[in-house]
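Input: a single structure, listed below in structure tokens.
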Amino acid sequence: MDTMAAVRCFQAIGQAHRLEMFRQLAKAGDTGMTAGLIAEVLDLAPSQVSFHLKELEASTLCFAEREGRFIRYRIAPGAVRDLLDFLLADCCQGRRDLCSPALQQLEHNCR
């Protein structure tokens, strides 16, 4: 991931509603969520949710798939891993082993 792509990701999750949507999608895993369900869970207007989901999609942190009348949103694990790799690339002067407990837990949770 290059710097500009990372900046787009951080801009996307740098807003409270989008961060909460990202977290809800992360919890939902492969099942994903529809915009209506996200609106219900976060007590937001559907139009707000659609606006924010477009920003998350543009950042590549999530993607959408049409299912009949609905659109299901899912987290994009590869993009999340790329962002974390970008963040940790020079962590602890290149000693990734110092960050390994957090990385191992993250890998475990993403399976």
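Among residues belonging to region 9-40 that are in contact with an Asp or Glu (Cβ under 9 Å, 6 or more places away or on another chain) and surrounded by fewer than 16 Cβ atoms within 10 Å (Cβ to Cβ), point out the one that is nearest to Thr60 (Cα to Cα). That would be Gln11.
Given the condition modelled with pLDDT of 90 or more and within 23 Å of Ala5 (Cα to Cα), answer yes or no: does some residue in region 42-50 qualify? The answer is yes, given that some residue of region 42-50 is modelled with pLDDT of 90 or more and within 23 Å of Ala5 (Cα to Cα).
When restricted to residues that are touching a helix residue (DSSP H, G or I) at 6+ places or on another chain (Cβ under 7 Å), farther than 25 Å from Val7 by Cα and β-branched (Val, Ile, Thr), region 18-41 contains 1. Output the residues belonging to region 11-44 that are without any contact (Cβ under 8 Å) to a residue 12 or more places away in the chain and within 11 Å of the chain's Cα centre (by Cα). Correct list: Leu19, Arg23, Lys27.
On the given criteria, is Glu65 outside any helix (DSSP H, G or I) and free of Cβ contacts under 8 Å to residues at least 60 places away in the same chain? For Glu65, the condition - outside any helix (DSSP H, G or I) and free of Cβ contacts under 8 Å to residues at least 60 places away in the same chain - is met.
The values are calculated or read from the model by the stated rules, or taken from the named source; none is laboratory data. Everything quoted here is computed from the prediction, not taken from an experiment. Reconstructed Cβ throughout: ideal geometry from the backbone, glycine too, with neighbour counts over all protein chains shown.
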